[in-house]
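The values are calculated or read from the model by the stated rules, or taken from the named source; none is laboratory data. A quick note: this is a predicted structure, and the numbers were derived from the prediction, not measured. Cβ placement follows ideal geometry from the backbone for every residue including glycine, while neighbour counts extend to all protein chains displayed.
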Amino acid sequence: MALRRSRDEARRGTPSALVIVGLANPGLEYAGSRHNVGGDAVRAVCERRGITLKLESRQRALSASLTTTHGVVTLAVPTTYMNESGAALPGLLKRTSLGDFSRLVIAHDELDMDPGRLQLRFGGGLAGHNGLRSIANVLGTNEFARLRIGIGRPARKEQVTDYVLKPLVGKSQKFHLEHVSEAADALELLLDSDFADAQQRVNGARG
């Protein structure tokens, strides 16, 4: 059932001007994998800003909030598996009193973009991403913002599962950490400037 945006719906907590959600699979077996780049980017922002992600009562996401010039911003990483990411949204959006999905940004890995390339966009298709599909099903719309973080594709289709889920080592791990840092830079732009300005700077960074 799609999540309804209703003025009459009971909400609680401090209203957030922006909610940023980084997608990832839980568990040590997936830590440092390409599929977790969105969640890792959100964690990196929290570390930089000196805030700690915590699990709130009855929530299905770790979250933390900070005050910016635009108001309160909440950052979160679902505790669900990737294909159930949408289950984290109802409780999170209720707690943050966010009824405007244009103020929701989902950071996620993107197979159809070169490794390390970033794109900040609003709306669009789901590109076969199970996390985005789950979120769109719960919200009842594709109209939310995304930070697409390119991870590229392996040489063969049958390699995709291992390619996105296995933790990285060596040079691949080094490049992945660089991409996480660059994605965190992009998310920080959203904390300090409006969406259009951040979008122009992120999308124009590599020509």
Checklist entry - What do you reckon, is Ala198 within 20 Å of Leu18 (Cα to Cα), touching a residue at least 40 places away in the same chain (Cβ under 8 Å) and in contact with a Gly (Cβ under 8 Å, 6 or more places away or on another chain)? => result no
Checklist entry - If you go through the range 111-130 one residue at a time, do you hit one that is in a helix (DSSP H, G or I), surrounded by fewer than 18 Cβ atoms within 10 Å (Cβ to Cβ) and either modelled with pLDDT under 95 or of a type outside the set (Lys, Arg) (or both)? => result yes
Checklist entry - Val180 versus (1) more than 20 Å from Val45 (Cβ to Cβ); (2) of a type in the set (Val, Ile, Thr); (3) surrounded by 15 or more Cβ atoms within 10 Å (Cβ to Cβ): which is the lone unmet condition? => result (1)
Next on the checklist: Any residue in the range 33-57 that is without any contact (Cβ under 8 Å) to a residue 12 or more places away in the chain sitting within a Cβ distance under 9 Å of a residue that is hydrophobic (A, V, I, L, M, F, W, C)? List the pairs, counting only those 6 or more apart or interchain.
Outcome noted: Glu47/Ala184; Gly50/Leu66; Lys54/Leu62; Lys54/Ala64
Next on the checklist: If a residue must be within 14 Å of the chain's Cα centre (by Cα), aliphatic (A, V, I, L, M) and not in a helix (DSSP H, G or I), how many such residues does the range 16-52 contain?
Outcome noted: 6
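Can you tell me which of Gly91, Gly86, Gly99 is within 12 Å of the chain's Cα centre (by Cα), surrounded by fewer than 24 Cβ atoms within 10 Å (Cβ to Cβ) and not in a strand (DSSP E or B)? Working first, answer last.
Working: Gly91 fails: within 12 Å of the chain's Cα centre (by Cα); Gly99 fails: within 12 Å of the chain's Cα centre (by Cα).
Just a single option satisfies the conditions, and that option is Gly86.
Determine whether the range 73-83 contains at least one residue that is assigned to a loop (DSSP other than H, G, I, E, B) and either touching an Asp or Glu at 6+ places or on another chain (Cβ under 6 Å) or buried (at least 22 other Cβ atoms within 10 Å of the Cβ) (or both).
Within the range 73-83, the subset assigned to a loop (DSSP other than H, G, I, E, B) is 79-81.
Those still in the list that are either touching an Asp or Glu at 6+ places or on another chain (Cβ under 6 Å) or buried (at least 22 other Cβ atoms within 10 Å of the Cβ) (or both) too: none.
No, the range 73-83 contains no residue that is assigned to a loop (DSSP other than H, G, I, E, B) and either touching an Asp or Glu at 6+ places or on another chain (Cβ under 6 Å) or buried (at least 22 other Cβ atoms within 10 Å of the Cβ) (or both).
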Checklist outcome for this item: Those residues of the range 127-180 which are in contact (Cβ under 8 Å) with a residue 60 or more places away in the chain, closer than 25 Å to Thr80 by Cβ and aromatic (Phe, Trp, Tyr) amount to Tyr163
Checklist outcome for this item: Considering the range 42-62, residues that are β-branched (Val, Ile, Thr) and farther than 21 Å from Asp109 by Cβ, and then whichever is surrounded by the fewest Cβ atoms within 10 Å (Cβ to Cβ), we arrive at Thr52
Checklist outcome for this item: For the range 78-97, pairs from a residue that is within 12 Å of Val19 (Cα to Cα) and in contact (Cβ under 8 Å) with a residue 60 or more places away in the chain to a residue that is aromatic (Phe, Trp, Tyr) and assigned to a helix (DSSP H, G or I), with Cβ under 9 Å and 6 or more apart or across chains, are Leu93/Phe101
Next on the checklist: Of all residues being out of contact with any Pro (no Cβ under 7 Å at 6 or more places or on another chain) and buried (at least 19 other Cβ atoms within 10 Å of the Cβ) in the range 139-169, which is farthest from Leu89 (Cα to Cα)? Just the residue, please.
Outcome noted: Val164
Checklist entry - Out of the residues in the range 30-71 that are at positive phi and out of contact with any Ser or Thr (no Cβ under 9 Å at 6 or more places or on another chain), which is modelled with the lowest pLDDT? => result Arg58
